[in-house]
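One structure below.
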Amino acid sequence: MVEFREDLSVVLGGAAGQGIQTVEEILTRTLKFSGYNVYANKEYMSRVRGGINTTEIRVSSKRVRAFVKKIDILIPFKRGVLPWVKDRISESTVVIGEKENVEEEFLEKVHFIEVPLTKMALDVGSQLYLNTVAAGIVVGIFRGEFSAVEEYLKERFGSKGENVVQKNIEAAKKGYELGLKLLEEGAVKVEVQRDEKVGDEILLSGAEAVALGALAGGMNFLSFYPMSPSTGVAVFAAQHAEDFGIVVEQVEDEISAINMALGAWYAGARAMVTTSGGGFALMTEALSLAGMAENPIVIHLAQRPGPATGLPTRTMQGDLNLVLHAGHGDFPRIILAPGNIEEAFYLSTEAFNLADRYQVPVIILTDQYLVDTYYNLPEFELDKVKVEKHIVEAKPGYRRYELTEDGISPRAIPGYGEDVVVANGNEHDEWGDITEDEELTVRMQEKRAIRKLETIRKNAPLPRLLGGEDAKYIIVAWGSTLHIVEEAIEKLGRDDVALLHFSWLYPLNLEAKKFFEGKTIIAVELNVTGQFAELLRKELGVEVHHRVLKYDGRPFSVEEVLDALKVVVE
Amino acid sequence: MNPNVEKVDKSRFEPKRPGSQDIAWCPGCGNFGIRNILTTALAELGLNPNEVAIISGIGQAAKMPHYIKVNGYHTLHGRAIPIATGVKVANPELTVIAEGGDGDMYAEGGNHLLHAIRRNPDITVLIHDNQIYGLTKGQASPTTMKGMKTPTQPWGVFEEPFNVIALAIALDASFVARTFMGYFRESVEIIKKAIEHKGLAIVDIFHPCVSFNKVNTYAWYREHTYWMDDHDPYDREAAFKRAIETDPLPLGVFYINEKPTFEELVPAYKRDKTPLWKREPKVEEIRKILDIKRRL
Ligand SMILES: Cc1ncc(C[n+]2csc(CCOP(=O)(O)OP(=O)(O)O)c2C)c(N)n1
Ligand code: SF4
């Protein structure tokens, strides 16, 4: 018998188009509803049918938010899944499924529990119900609330008719009963505490959090050209466009997407584009326009490995240098990288205030890992969200590019006020007209690239220190690796190791230097050169002593970070 | 022609800004004429400077926003149309004009033009078609005639010139017209019609580049064009036939196709006509979504 306590990782694997996502949804929703903390993340191939995709679902007594390598329960829906995840399997892994989906060589290496999924599905009426049967089994093993499964199936399949709903419920029930039986027979033992409060929390993905955050921040225009893994944000926004009264437009290319959004901002809207590295590459021309014209813009960039088309469905923190240096000429920008789903929401909201206030591009840097991850979390504090507008009226004599002390010229919009607003991507005078005057050019360059940048820098928030201020080792992480590194440090169990997490990447507040003085600094990054470590040197003059880098297109697992940290600190 | 119309006061479109005083167009250039036509059209339509926004690309033609007092955004080569579309959809109360040269709109911006025709925002696209690149000093443009020699096509252009009129009609565009700026009154009327037209209006405006195009001169345009007096712009087939005539080239409104605009179709304006900049985020809708995310 295999016993699992407190924290389990359940992995489902199958071909694209085999309906793993349905199983994943049934499980996460009903287990959360039953009071378990859940976390889910998927990895998938860049194809529509076939191949092998997997989903990891962690079920825990405590909050879980990080990817782990280990697999406690594995459900393969096709042959090939076990070889695909062979590095993640151990003797304690329980495989539940049909014999034909488990390669011989693995039969002795794992605990195999054979269940006749196909037969059970056929008994209900069709092979199609296989997923639902499997989901029922897992819910049964956790003694989850079956009523929640029913609820979910009604909601999910309601539009397909009563018969489909009933058949699915029947299939889930068969699975559920089998799951309970496995428990009773002692094939597995699962002990994870439930918490009523969890049942009442929300379950949200990174992509949804970015979209909702943007909406809370007043986003009323979104233009995009589809590109994985950024499209989820557009899908969500499009589906709610009418309720929110917002414009969501799929345009001809990324060039059009960002230019349209710039036009919308010029006319007073709050606009965003959502894209990935390859799409952003096409946007760099317009990024310079935003810099010169001081046109606000919010860009969500969900990173995937590059260069070029790279690994379309996988993850990397490889586009920091791109967003840092994109565009020609000197102009400031703000780069944010949410560490988790809460930050994805709040920073997306704040991005609009920042763009409006400083009139610069604000880039929200996520990645495939973050946008495709979801877990339960407490509801957002919507009352705390503030929409700050910085639009002024164009009074007679209005000058769009008025030279000011802090580098920020009051921004008027066409149609509000008596005078007109002239914006310009050429070097310009205070009114916005073209100039080639030497002295004006100098003053305008300094206003944008120095004074404004310094204003932003001064107001930039500091990174978050998790752990003691007197820790000897400082682990530096940025963006979506937050909880993975945090859990690894927790497992390391040493109080001389602290985590310094950056979700505001650029420009860095110079006060951040104080966290590094006299410490051994270890940067953990999901790219091949340590892009953020380089940025720390450039911005703060901080030298990173060790770099823990991963760049195979997969996220860090807690175990990998832990092993790497051990090597450095022990 | 109504003689009173000539007296319409267009001084309100005269920019008094310091940077507007030194105009960068060559003496004798057709751009001056287009500016005059445009301000006359705006004045005759009774528009005020703050109700109009001209979004231009890059090129000599694209300097227009600096020499006329309306809201203006001088942007990037080829990008005026998507930016103008964004302006219009953010604030449909504005009269939005996208303006640029033939290189700007047909070469660098060609793809945007095609998709703007499909999208049909209610903007007016004015193309200053001098059949040459002016600002970069005389290279061939997509409308340069075959055989013309230039510094970068010393062997003579062998590419087929771009026929935007035929293309736009083929794509079932909403409003397609061509004029020559040498015909002042007719051009004012066409531009007024284009601005008043609900939907994307394309006006290809011939104008001589006195510095770099020695073939297509004022006299050439007069000799090689004619006005379509007996043409029904609602007849697509007839419009197409006219569009493929080459010499003389027809002038006038080729095609009108009334259809819903982008701004009318986007969900944003289905229930509410308020421009986007006046709107507040709908926090109650976010609460609703979060509530669903709590249940299941
Ligand atoms: C991306 C980019 N490529 C090239 C240029 C250089 N450029 C400026 S204007 C122009 C063409 C101008 O021709 P046209 O659009 O016909 O306008 P005109 O000057 O004749 O009015 C070019 C190629 C540029 N500014 N930006
Ligand atoms: S270069 Fe040609 S188009 Fe440009 S201003 Fe001079 S004459 Fe006019």
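FYI, it's all coordinate maths here, none of it is from the lab. Here the structure is a predicted model, which means the values were calculated and not measured. Please note: Cβ atoms are built from the backbone with ideal geometry, for glycine as well, and neighbour counts cover all protein chains shown.
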| note | For B:Leu200, the residues 5 or more places away or on another chain with a placed amide H closer than 5 Å to its own amide H are B:Ile123, B:Ser174
| task | Note the per residue figure in Å³ for the convex hull of the C-alpha positions in the range A:419-544. | result | 152
| remark: With the protein assembly as shown reduced to its Cα atoms and the Debye formula applied, log10 I(q)/I(0) at q = 0.06 1/Å amounts to -0.48
| said: For Cα pairs less than 8 Å apart in space and 6+ apart in sequence, what is the mean separation divided by the residue count of the range B:81-231, i.e. the relative contact order in percent? | reply: 23
| How high is the relative contact order of chain B, in percent, counting Cα pairs under 8 Å that sit 6 or more residues apart? | 17
| Charge sum, other residues only, whose C-beta stays under 12 Å from A:Gly479's C-beta, Lys/Arg counted +1 and Asp/Glu -1 | -4
| Farthest toward positive dipole pole in the range B:46-152 [+1 Lys/Arg, -1 Asp/Glu at C-beta], among B:Pro49, B:Ala116, B:Ala61 | B:Ala61
| task | Calculate the spin-label point distance for B:Asp230 paired with A:Val164, positioning each point 7 Å from the Cα along the beta-carbon direction, and give it in nanometres. | result | 6.1
| said: Whole angstrom only: what separates the Cα centroid of the range A:499-570 from the Cα centroid of the range A:49-128? | reply: 35
| note | When all Cα-Cα pair distances of chain B are considered, the percent exceeding 37 Å is 16
| request: Grab the beta carbon distance between B:Asp172 and B:Lys192, set R0 = 35 Å, and tell me the FRET efficiency rounded to 0.05. | output: 0.90
| query | Which percent, to the nearest 5, of DSSP beta bridges fully inside the protein assembly as shown are antiparallel? | reply | 30
| note | Residues other than A:Ser288 with Cβ under 14 Å of its Cβ, Lys/Arg counted +1 and Asp/Glu -1, net out at -1
| query | Using mean Cβ contacts within 10 Å as the protection proxy, how do B:73-79, B:222-228 order, highest first? | reply | B:73-79, B:222-228
| Across the range A:366-373, in residue order, what do the Karplus-derived ³J(HN,Hα) couplings come to in whole Hz, using 6.51 cos²θ - 1.76 cosθ + 1.60 with θ = phi - 60° and x for Gly and Pro? | 10, 7, 4, 4, 5, 5, 9, 8
| task | Please compute the net charge surrounding B:Gly46, taking Lys and Arg as +1 and Asp and Glu as -1 over other residues with Cβ under 13 Å from its Cβ. | result | -1
| message | Restricting to bridges with both residues inside chain B, how much of the DSSP beta-bridge set is antiparallel, in percent to the nearest 5? | response | 15
| remark: Mean per-residue count of partner chain Cβ within 10 Å for A:218-227 equals 3
| task | Divide by every residue of chain B the summed helix terms, -39500 (n - 2.57) for each DSSP H run of at least 4, and state the resulting mean residue ellipticity at 222 nm, rounded to the nearest 500 deg cm²/dmol. | result | -8500 deg cm²/dmol
| Other chains' Cβ within 10 Å of B:118-125 residues: what's the mean? | 1
| query | Applying the Karplus parametrisation 6.51 cos²θ - 1.76 cosθ + 1.60 with θ = phi - 60° to the phi angles of the range B:119-127, what ³J(HN,Hα) value in whole Hz is obtained for each residue in order, glycine and proline being reported as x? | reply | 6, 6, x, 7, 10, 10, 9, 9, 10
| query | At what distance in angstrom do the alpha carbon centres of the range A:256-286 and the range B:157-221 lie from each other? | reply | 30
| field | Within the protein assembly as shown: Cβ-based charge dipole about Cα centre, in debye rounded to nearest 20 (Lys, Arg +1; Asp, Glu -1) | value | 100
| Taking amide H positions as placed 1.01 Å from N in the peptide plane, with prolines and chain starts having none, which residues 5 or more places from B:His74, or on another chain, fall under 5 Å of its amide H? | A:Ala423, A:Asn424, A:Gly425, B:Ser56
| request: Would you work out which of B:Pro154, A:Ser92, A:Leu215 lies farthest towards the positive end of the dipole of the protein assembly as shown? Charges go on Cβ: Lys and Arg +1, Asp and Glu -1. | output: A:Leu215
| note | Of the candidates A:Ala523, A:Trp478, A:Asn509, the farthest towards the positive dipole end of the range A:444-570 (Lys/Arg Cβ +1, Asp/Glu Cβ -1, centred on the Cα centre) is A:Asn509
| message | Given N residues in the range A:448-491, what is its alpha carbon radius of gyration divided by 2.2 N^0.38 Å? | response | 1.62
| Residue-by-residue Karplus 3J(HN,Hα) for the range A:7-15, coefficients 6.51, -1.76, 1.60, Hz, glycine and proline x | 8, 10, 10, 9, 10, 10, x, x, 7
| task | Could you work out the mean count of beta carbons from other protein chains within 10 Å of each residue's beta carbon in A:144-157? | result | 1
| Cα-only Debye scattering, the range A:10-80: base-10 log of I(q)/I(0) at q = 0.12 Å⁻¹ | -0.31
